[in-house]
1. Considering the range 495-529 alone, what residues qualify as being of a type in the set (Lys, Arg) and touching a Pro at 6+ places or on another chain (Cβ under 8 Å)?
2. Give me the strands (runs of 3 or more DSSP E) completely within the range 306-422, filtered to those with at least 1 residues that are over 28 Å from residue 50 (Cβ atoms), ordered by residue number.
3. Can you say whether residue 553 is under 27 Å from the mean Cα position of the chain (by Cα), at negative phi and among the basic types (Lys, Arg), as far as the supplied structure shows?
4. Select from the range 214-232 the residues that are surrounded by fewer than 24 Cβ atoms within 10 Å (Cβ to Cβ) and not in a loop (DSSP other than H, G, I, E, B) and list them in ascending order.
5. Need at least 2 residues that are surrounded by 22 or more Cβ atoms within 10 Å (Cβ to Cβ), outside the structural domain of residue 666 (by TED's automatic domain parsing) and of a type in the set (A, V, I, L, M) per element, so show me which strands (runs of 3 or more DSSP E) inside the range 457-500 make the cut, counting only ones lying wholly within it.
6. For residue 258, are the conditions met, namely being surrounded by fewer than 24 Cβ atoms within 10 Å (Cβ to Cβ), β-branched (Val, Ile, Thr), touching a residue at least 60 places away in the same chain (Cβ under 8 Å) and in contact with a Phe, Trp or Tyr (Cβ under 8 Å, 6 or more places away or on another chain)?
7. Can you tell me which residues in the range 501-510 are surrounded by fewer than 23 Cβ atoms within 10 Å (Cβ to Cβ) and either in contact with a helix residue (DSSP H, G or I) (Cβ under 9 Å, 6 or more places away or on another chain) or acidic (Asp, Glu) (or both)?
8. Quick test for you: out of 66, 75, pick the one residue that is free of Cβ contacts under 8 Å to residues at least 24 places away in the same chain, within 26 Å of residue 118 (Cα to Cα) and either surrounded by 16 or more Cβ atoms within 10 Å (Cβ to Cβ) or not β-branched (Val, Ile, Thr) (or both).
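The values are calculated or read from the model by the stated rules, or taken from the named source; none is laboratory data. Note that the structure is a prediction, hence the values are computed from the model and not measured. For neighbour counting, all protein chains shown are included, and Cβ atoms are generated from backbone atoms with ideal geometry for every residue, glycine included.
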Amino acid sequence: MTTSYPHLLSPITIGRTTLANRVVMGAMHTRIDHMDRPEERIAAFYRARATGGVAMIITGGVSPNPEGRFEAEGPLIAEGTDLDWHRAVVGSVEGTSTKICMQILHAGRYARLKGCVGPSAIKSRINPHAPRALETAEVWRTVDDFARAAELARDLGYHGVEIMGSEGYLINEFTAPATNDRLDEFGRDFDGRVRFPLEIIRATRKRVGLDFIIVFRISAADLVPAGMAGAETARYARLVQDAGADAINIGVGWHESVVPTIAHVVPRAAFAYTSRSIRNAVTIPVIGSNRINDPQVAENLIAAGDADLVAMARPMLSDPDFVRKAEAGQAHRINICIACNQACLDGYFTRRGVSCLVNPRAGYEPDFIPREPQRRKRIAVVGGGAAGMNFAFNAAELGHEVTLFEASDALGGQLLMARNVPGKTEFDHMLRYFALRLHETGVDVRLRNRPPARQLAQGGFDDIVIATGVVPRHLDIPGSDHPNVCSYQDVLLRRRVAGPRVAIIGAGGIGYDVAEYLLGGEPHVPPRLADFAVEYGLDLSLEVAGGLASQPRAEAARRSVTMLQRKHGAFGKSLGASTGWIHRDRIARLGVELLGGVTYELIDDRGLHILIDGKPRLVLADTIIVCAGQEPERSLLRSLVALRPEAGVHLIGGADVASELDARRAIDQATRLAVAIGNDAGRTRHSSHERAGNTDFSSSA
């Protein structure tokens, strides 16, 4: 078969097992096991990826003993534990060519538990709990726990295991000088520090035999001070191979590293240099990872000899049919992972089930089982932002006749602003995919068209969906109508050019986006590895211990920017749990002044007059940008409800809830309404117009 991706789609043998292609679904913590109907959900989740053509799936981490769990209710495999979850996982790939491996992960000092353990009693800066150093006998018991976990996995029907030796978890803590000051046989020097993982691999191979896959995930670049240097890591990789591993999966960076590794600011395939260094050291297959979200990027990585396979975790959330579409020559139809982390990692860290912003079905597959609508409807959608577009193409795909009205000359709504922020180039692909789906499903898109309520009410529509988004909240102080005052929309949509001195009122996500827009690089230019390496002090040669050559670079600001908020306390609290630190760090390096506990007094030609702790201050500013929250745009609602008292009017997205611009919630809500709307027999359980008078919206300004 002729293919555009001959390397990516060719088979490969790992140990004694042949994989159908070179695509591995990397391990992810999902918390699906904590949701209702966990076995049903986890089976549907993995089944969708297996039927989508991925060659091998590596599950989320499972602890080999109680103290190794990341949290008290974390997954565990041992005698006497509930194994139904595992049976659902194994059963999910039956009848497909996909092989499934269980990741064995001991969290070590990252465990969110009092009494967590590590090689030494050295506390992590990201965990309030200090670890207890394992006794030598406990280390040997833990070796056996890993091997027994693998044996149980084999007996349950898994095709293999991945032993998690990277990201700063227990095994990685043993191998790095930064966290291992032991004086027994598991410390002192290089040979002692790597003994723990090598003993685990040997014991595991002895327990499971030669037909069972053992993948070892190695930390190819720790990205922390006093981590391993590249030459040591290469030597370590050869020992891993000799100990009995069938393949090596590349891990990069510890969770406490100050270098981003999987967010949108990271260039695609940025860490190919680390997989290349390992591949040059061993003869077993090497799996490259991190920010690989496109089949051509993956193809290039393998063709260049940087890796033999690629691991993609979140791209399998955004599109479980990634491989099938690549095989069919339909890469343009792949729903690309935009590396936003908002529904996956942020979902996990806020103790929710993991999903995907651009694909809310991920993790919730049983909630979206396609079914023929009881009644096919004519539906009008007013507003072409994320919520409106997603409702429209999902409803049209189910057979409804959908007309989408958008008042402006372009679809996208708030996404048009997000994509103008430097580094968010992946958002361009999100908009491209949504537009493609509208075209494929035959939605009648009418731009520059905002029909009045009467036209909609008399247009023969069975349902009307209001997805008109939000309007910025105005600042209500003397001088707020000054010519130097503008909204975040004015700036991010390039209707206004800011002056050299800027005051940003509001320190939520939009405030940070505006600051990066004013001070960062060029919009729509993908991040470049050379710039990324300089910005974060990476040693691309891997000669320096930990892979860090210098401190992150302080950048020369192109403007003087002051960001203000009414609240006392830390800035950026509303930012994403997994990415907020990146934006806070960048704002600090760009020299933005942060003023909290502010009372806004007035605006005049000189700038913004404020009080801080009762003391007056003038913030000199040529431009004052208001990012003080937003209100739902519902101007159509009351008229429509009056004209259509029988209901059939629905609010979604920001028009429904505007307190935070939450694209995850908007897209999920829109998709769920689209699936349900043809089966509601005219009922209004999905409508939100009863909240039309709600004005209780929080603001970080």
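1. Residue satisfying the conditions is 528 alone.
2. On the way: elements: 309-311, 378-382, 401-405.
Where strands (runs of 3 or more DSSP E) fall fully within the range 306-422 and carry at least 1 residues being over 28 Å from residue 50 (Cβ atoms), they are 378-382, 401-405.
3. Details: under 27 Å from the mean Cα position of the chain (by Cα): yes; at negative phi: yes; among the basic types (Lys, Arg): yes.
Considered against the rule, which asks whether it is under 27 Å from the mean Cα position of the chain (by Cα), at negative phi and among the basic types (Lys, Arg), residue 553 comes out as yes.
4. Those that are surrounded by fewer than 24 Cβ atoms within 10 Å (Cβ to Cβ) and not in a loop (DSSP other than H, G, I, E, B): 230, 231, 232.
5. Values: elements: 463-466, 470-472, 485-487.
Fully inside the range 457-500 and qualifying: nothing.
6. Values: surrounded by fewer than 24 Cβ atoms within 10 Å (Cβ to Cβ): yes; β-branched (Val, Ile, Thr): yes; touching a residue at least 60 places away in the same chain (Cβ under 8 Å): yes; in contact with a Phe, Trp or Tyr (Cβ under 8 Å, 6 or more places away or on another chain): yes.
Yes, satisfied.
7. 509, the sole residue that qualifies.
8. On the way: 75 fails: free of Cβ contacts under 8 Å to residues at least 24 places away in the same chain.
Exactly one of 66, 75 is free of Cβ contacts under 8 Å to residues at least 24 places away in the same chain, within 26 Å of residue 118 (Cα to Cα) and either surrounded by 16 or more Cβ atoms within 10 Å (Cβ to Cβ) or not β-branched (Val, Ile, Thr) (or both), namely 66.
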